[in-house]
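Bear in mind these aren't lab numbers, they're just calculated from the coordinates by the rules spelled out. Values in this document were obtained by computation on a predicted structure and should not be read as measured data. Neighbour counts run over all protein chains shown; Cβ positions are idealised from the backbone, glycine included.
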C-alpha cells in the first residue's frame with residue numbers, strides 16, 4: 001500500500017471531489033481490502049455522495065480490522081445516523097465515549113442519535129455531558145431542556161427553559177425549548193405564546209417560524225402548519241427543510257400540485273437530502289398520472305439503493321403500485337415497510353388498504369389491530385380500521401372505532417364522513433343525516449357585490465373572464481377530482497379587481513356566518529368553530545358538457561363553499577344535470593337511498609356554505625355553456 005495514494009485520496013476528499021477520492025482508493029483496496037484508513041476515507045466519500053449504507057458497510061469492515069478504535073466508533077455512528085438507523089448509531093457513539101470520554105463531539109452525536117431514536121432520557125444525560133465540556137453552549141443547553149421535556153421531566157424542563165429565555169432572550173432555541181416544554185405539559189396556547197414572545201424579543205424569526213409549523217403539525221392543524229412553513233420559506237428561500245415541511249403539509253391538505261412544486265424546490269436546493277427526496281416521492285405518489293407514479297416509484301427505489309431499510313420508501317412503492325392497479329405486487333413492499341417500522345402507523349394503514357383492495361378484509365383488519373389496541377392509537381389508523389369494518393358490513397364495531405378516531409382528532413373530516421355511514425348502519429339514515437347536519441348546515445349565503453362594479457351581472461362577467469384567463473388554470477390537474485374540467489391553483493394569486501373584491505366579500509360573509517353559530521361541544525361541525533384567526537384557500541373550476549367534479553370531501557379544513565359565477569342552460573332542467581349533490585360516498589361504502597341525498601340547483605351569484613366533511617360531487621350535464629364556480633376551504637389558524 002502506498003501512503004502517498006492514501007494522502008492523495010484524502011486530499012481529493014478534502015477538496016470536495018469524493019468521486020476522485022474513490023478512484024484513487026481503488027488500487028489500495030484491491031491490494032488490501034480491509035485497510036482501515038482506506039475504508040474510513042471510502043466511507044467519508046460515500047457519505048458525501050449520499051450513500052450512507054455503503055459508508056456503514058465500509059466502517060464495519062474497518063472496525064473488524066481495528067476493534068476498540070473510538071474514531072471508528074464515532075464515524076460509524078455518523079454513518080448509521082445518516083442511514084436512518086438511530087438506535088444502532090446510539091450504540092456506536094456510546095462505544096466511542098466509553099473508550100475516549102474527553103472529546104465533546106461523540107457526546108453530541110450520542111445526544112442527537114438518542115433523540116432520533118426516542119431515547120430522550122439518554123439524550124438528556126448526553127447533553128449534560130456536552131455542557132460539562134462546553135458550559136457556554138446555548139444550543140446544547142436548549143437541547144437538554146427539550147430532552148428533559150420529552151422524557152417527561154416537565155418540572156425540570158420548564159424551570160430550565162425559563163432560565164434560558166431569561167439569560168438568552170435573543171436565542172431562538174431557548175424559546176423553542178420553552179414552547180416544547182409547555183406543549184408537553186398540555187399548554188398548547190402557552191407554547192404558541194412562547195414562540196410569539198421569542199419573535200418580539202428579537203430571536204430568530206426563521207427558526208421560530210419553523211417551530212410554529214412543527215407545533216401546528218403535531219396538532220394536525222395542516223393549514224396553520226403550511227402557513228408557518230410558507231413564512232419560513234419567505235424568510236429563507238434557500239432552506240430546503242422549510243420547503244420540505246411545506247410540501248408535507250400540502251400533501252395533507254390535498255394540494256398536490258403545490259406539494260410537488262415545493263418538494264422539487266427542496267430537492268433542487270439539496271439534491272442529496274433524504275427528507276426532500278422522500279417527500280417528493282410521497283407527493284408524486286398522491287397523483288394519478290402514469291408518469292408521476294413512475295417517477296415516484298423511481299425516486300423511492302433510488303432511495304432504497306442507498307438505504308434498503310427505509311420504511312417510508314417501501315411504503316411509497318406499495319402506494320404507487322396500488323394506484324397503478326397492481327395490488328398483488330404492492331403486498332410485498334407494504335409488508336416490508338411494516339416489518340421495518342412495526343411501531344409506525346402509516347405502513348400499517350397502507351398494508352390494510354392493499355389487503356382491502358384485494359378483498360381480504362379480515363387480514364386488512366388484522367394488519368391494524370395491534371396498533372388499534374393502543375389507547376393512544378392515531379386517528380387515521382382508527383379511521384382505516386372503521387372503514388374496513390364498514391366494508392365488511394359490520395357497522396356497529398365500525399362505529400365504535402370511528403368514535404375513537406374522532407376522540408383522537410375531532411377535526412378529522414374523513415373520519416366524520418365515514419362515521420356517519422356507520423351510524424346509518426346502526427341507527428338508520430335519518431339519524432346519520434341529523435348528526436351531520438346535512439340539511440341544516442348546507443346554507444345558501446348572500447355575498448356583497450364588490451365596490452367598483454355597477455351591478456352583480458357586471459361583477460360575475462368580470463370574474464368569469466378572470467377565471468378563464470387565470471395564470472394557474474390547468475386542465476384535469478392530476479391528483480385532483482376534476483374530470484373534463486379545469487382547476488386553478490390558488491385563485492388569489494391573480495390580484496384582479498374582481499378576484500380581490502370577491503375575496504373581501506367572501507371573508508365578510510364567512511365572518512358573519514361564523515358569528516351566528518352556537519358552540520356545541522362534541523358536535524362534528526359546531527364543536528370545531530374557529531372563533532379566532534382562520535386560514536382560507538380559494539380556487540376556481542370550469543367544466544363543460546359531461547365534465548364533473550367527482551365524489552370527495554375537503555380534508556384539513558372545517559368550512560367549505562362554492563360560489564357560482566356562470567352556469568349553462570341545462571342546469572334549469574329538473575333532472576339534476578349539473579347540480580351539486582351531497583351524501584353520495586366513495587364506491588364500495590354503504591350508500592344512502594336517493595331520498596336521503598341532498599341535491600341543490602346552483603344559481604348564478606349564489607354562494608353555498610357546507611361542512612367540509614360532507615361527501616359531495618357535481619353531476620354531469622349535456623348542452624352548451626360552461627359551469628364556472630369558485631370554491632374555498634377554511635380552517636382554524638391554530
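Below is a table of values for the structure above.
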| item | result |
| --- | --- |
| Extension gain (nm, one decimal) between residue 289 and residue 133, 0.36 nm per residue minus Cα-Cα | 50.7 nm |
| Candidate values (i) 16, 47, 29, 8, 0; (ii) 21, 55, 23, 1; (iii) 16, 31, 20, 14, 10, 6, 3, 0, label of the one derived for P(r) over Cα pairs in 20 Å bins from 0, in percent | (i) |
| Within the chain, helix-based [θ] at 222 nm, where runs of 4 or more DSSP H residues each add -39,500 (n - 2.57), nearest 500 | -19000 deg cm²/dmol |
| Net length gained if the chain between residue 11 and residue 362 were fully extended (0.36 nm per residue, minus Cα distance) | 120.4 nm |
| Förster radius 30 Å - calculated FRET efficiency between residue 396 and residue 343 (Cβ-Cβ, nearest 0.05) | 0.55 |
| Rough spin-label spacing in nm, given labels placed 7 Å along Cα→Cβ, for residue 622 and residue 99 | 8.0 |
| The range 443-636 - Rg over Rh from alpha carbon coordinates, Kirkwood radius | 0.95 |
| FRET E, pair residue 511, residue 546, Förster distance 51 Å, beta-carbon r, rounded to 0.05 | 0.85 |
| Acute angle (nearest 10 degrees) that the helix 154-167 long axis makes with the longest principal axis of the chain, alpha-carbon atoms | 80 |
| Spin-label pair residue 601/residue 4, simplified geometry with 7 Å Cα→Cβ offset, distance in nm | 9.3 |
| The range 173-241 and the range 63-85: distance between their alpha carbon centers, rounded to Å | 34 |
| Mean-position separation - Cα centroids, the range 430-469 and the range 365-405, in angstrom | 37 |
| Contact order relative to length of the chain, as percent, for alpha carbon pairs under 8 angstrom and 6 or more apart | 8 |
| Whole-Å distance, taken between Cα centres, linking the range 283-299 and the range 550-567 | 26 |
| Crossing angle, helix 120-133 versus the chain [Cα axis fit, 0-90 degrees, rounded to tens] | 50 |
| On Cα atoms only, tilt of 222-235 relative to the major axis of the chain in degrees | 60 |
| Approximate spin-label separation residue 456-residue 196, in nm, with each point projected 7 Å along Cα-to-Cβ | 3.9 |
